[in-house]
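Inspection log for the structure reproduced underneath, given as structure tokens.
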Amino acid sequence: MMMTLSLVFFALLFLAVPVGHVLVVASGIAVGTSDFPPLMVIAQQMFAPTQSFPMLALPFFILAGSLMMSGELGQNLIGFATSLVQRYRGGLGSVSVVGSAVFGGVSGSAVADATALGSMLIPWQQKEGYPAGFTAANNAASAMIAVLIPPSIPLILYSLVSGESISSLFFAGVLPGLMLTAVFVLVCNLSARFRGFPYQPAAFDWPRFRRLFWQALPALALPVMILVLLRFGIATPTEVSVLATLYALAMGVFVYRDMSWARFRVAVSSAGVSTGVVMLVIMGSSAVGWLATYAQIPQSFAAWCVETLQDPWLIILAMNGIMLVVGMFIDLPAAILLLGPIFVPLAQTIGLDTLQLGLMMVLNLSIGLFTPPVGTTLFISSTIARVSIITASRELIPFYLATLLILGLFSYVPYLTLH
């Protein structure tokens, strides 16, 4: 049964069928060509995760991001990020990095981050003299910060398969997000120094900075509000997501006064489509995960790793290697939902904290976002910059090295995982 599922799965992926449909069709064919379990069981397994109350946080966080970033606030965030780092070497490139950090605290989506920031920043950076390939690489890599800074959609999905609380995952995701921001800014700075990128130092404009800070404050306050409400048990993740949506709506209506019915309808429609895509992946992954558990694949895989590799550090290295390869071919949400049920039991077997595993998994699989052949943010950024994937990929080498450094630290230094 699992052999049939695997063959159908990879065949459909090769034919470029969307991952959600691949999961549903592969699990259906695998069950239909076997004697057990009955097809009705698969239908039940697909339906079950859609009835999870905490999963309501997913569409509301997506909607909050759509409402916040579709108006004037997006421009304010870019202005604030620019005022922070523009005067330093590599400052124009660093705007993309810092912009991703503050933007990610609102959107929670790397794809939204790469699209919105890239369309604004890449043409500007090229006009100022930055190489097109570098602007694409910088935008593609920086977008991964958005999936670590709360609210993070991938961390919500990991909580679904691991049982870890969303509040703990959100809190733990802040440090790797900030560390990635720091090392990417360093990459931009060193690239500017060694390659002679344009540099126009200017005195820090405090009046302008204060004005931009107050304009961007509503968006900057959102991730802080989310963490405080969750960390101190004031509200559940689902309640916080609803409050975030109401907060975003209030900002658009009463503070910026740029919310219209047309914009509201577009935001709701966009959030609905995004949620539908993710929910289809969740449903298909639930069916595949149940079949894998039925075939005892997680247990067998854990036993094989312990018997063959033995040392926990080797097992962690093998897990990272598998995730790096999988992330190159499968989208981040689907990869988390597929690998989570396999790696969580293995982590428990070797004494690896499942919270630490969650950070490892999101960091690792996020690299696939800007890695060929399926790198989503890489394709988006290359299209905006009008450069080939090969050109952008060459420029990504220092970003890969910086990301692997952070991944190694969070894989082997458990004290970096905040509880």
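Per residue, the accessible area of the chain comes to 42 Å² when a 1.4 Å probe rolls over the protein heavy atoms. Rolling a 1.4 Å probe over the protein heavy atoms of the stretch 297-419, with every protein chain left in place, gives an accessible area that is 72 percent carbon and sulfur.
The listed residues 14, 379, once ranked by accessible area (1.4 Å probe) with the largest placed first, stand as 14, 379. Each peptide in 351-359, 313-321, 166-174 gets a packing score, the mean of other Cβ atoms within 10 Å over its residues, and the list from highest to lowest is 166-174, 351-359, 313-321.
The share of accessible area on the stretch 92-194 that comes from carbon and sulfur is 66 percent, using a 1.4 angstrom probe. Note on residue 294 and residue 17: with the Förster distance fixed at 22 Å, the Cβ-Cβ geometry gives a FRET efficiency of about 0.35. When the chain is treated as a Gaussian network with alpha carbon springs shorter than 10 Å, the biggest mean-square fluctuation among 335, 262, 248 belongs to 262. Here mean projected area of the Cα convex hull in nm² was computed from the coordinates, and among (1) 18.8; (2) 26.1; (3) 20.7 the match is (3). Pull out a ≥ b ≥ c, the square roots of the eigenvalues of the alpha-carbon gyration tensor of the stretch 308-369, then state rounded if a/c is under 1.5, prolate if not and a/b is larger than b/c, and oblate in the remaining case. Since a/c reaches 1.5 and a/b is larger than b/c, the shape of the stretch 308-369 is classed as prolate. Size check on the stretch 116-169: the Cα extents along the three principal axes, sorted descending, read 48, 15, 13 Å.
A simple rule links phi to the HN-Hα coupling: the Karplus curve 6.51 cos²θ - 1.76 cosθ + 1.60 with θ = phi - 60°, which for the stretch 17-26 gives 6, x, 4, x, 5, 4, 5, 5, 5, 4 Hz, with x for Gly and Pro. Accessible-area rank, largest first, for 195, 386, 394, 89: 386, 394, 195, 89, with all protein chains present and a 1.4 angstrom probe. Separation of the stretch 107-171 and the stretch 172-246, taken as the distance between their Cα centroids, equals 12 angstrom. Once the Cα-Cα distance is subtracted from the 0.36 nm per residue extended length, the residue 314 to residue 348 segment shows a gain of 10.7 nm. Protein-only accessible surface at a 1.4 angstrom probe places the residues 47, 370 in the order 47, 370, largest first. Where in the stretch 261-280 is the amide nitrogen less than 19 Å from a point lying 7 Å along the Cα-to-Cβ axis of residue 235? The answer is 268, whose backbone nitrogens lie closer than 19 Å to the label point. Each residue of the stretch 316-321 is assigned a 3J(HN,Hα), and the resulting list reads 5, 4, 5, 4, 5, x Hz, derived from the Karplus form 6.51 cos²θ - 1.76 cosθ + 1.60 (θ = phi - 60°), x at Gly and Pro.
Calculated on the alpha-carbon coordinates, the convex hull of the stretch 46-162 measures out at 108 cubic angstrom per residue. At full extension, residue 250 and residue 195 could sit 15.3 nm farther apart than now, given 0.36 nm per residue minus the alpha carbon distance. To put it simply, the accessible area of the stretch 223-292 at a 1.4 Å probe is 75 percent carbon and sulfur.
If a spin label sat at a point 7 angstrom from the Cα of residue 301 along the line to its beta carbon, the backbone N atoms of the stretch 259-290 nearer than 17 Å would be those of 282, 284-290. Taking 0.36 nm per residue of separation and subtracting the Cα-Cα distance, full extension of the segment from residue 34 to residue 405 would add 129.1 nm. In the stretch 1-98, Rg over Rh equals 1.27, where Rg is the alpha-carbon radius of gyration and Rh the Kirkwood radius from pairwise Cα distances.
The calculated 222 nm mean residue ellipticity attributable to helices in the chain amounts to -25000 deg cm²/dmol, summing -39500 (n - 2.57) over DSSP H runs of n ≥ 4 and dividing by all residues. Under the shape rule built on the C-alpha gyration tensor, where the axes satisfy a ≥ b ≥ c, the stretch 293-419 is prolate, since a/c reaches at least 1.5 and a/b is greater than b/c.
Does the stretch 180-219 come out rounded, prolate or oblate, given a ≥ b ≥ c as the square roots of the eigenvalues of its C-alpha gyration tensor, rounded meaning a/c under 1.5 and, failing that, prolate meaning a/b above b/c? Judged from the Cα gyration tensor, the stretch 180-219 comes out oblate (a/c at least 1.5, b/c at or above a/b).
The values are calculated or read from the model by the stated rules, or taken from the named source; none is laboratory data. Computed from a prediction, not measured in an experiment: that's the story for all the values here. Neighbour counts are summed over all protein chains in view; Cβ atoms, including those assigned to glycine, are modelled from backbone coordinates with ideal geometry. All accessible areas refer to the heavy atoms of the entire protein, side chains included, with ligands and DNA or RNA removed. Shrake-Rupley method; radii C 1.70, N 1.55, O 1.52, S 1.80 Å.
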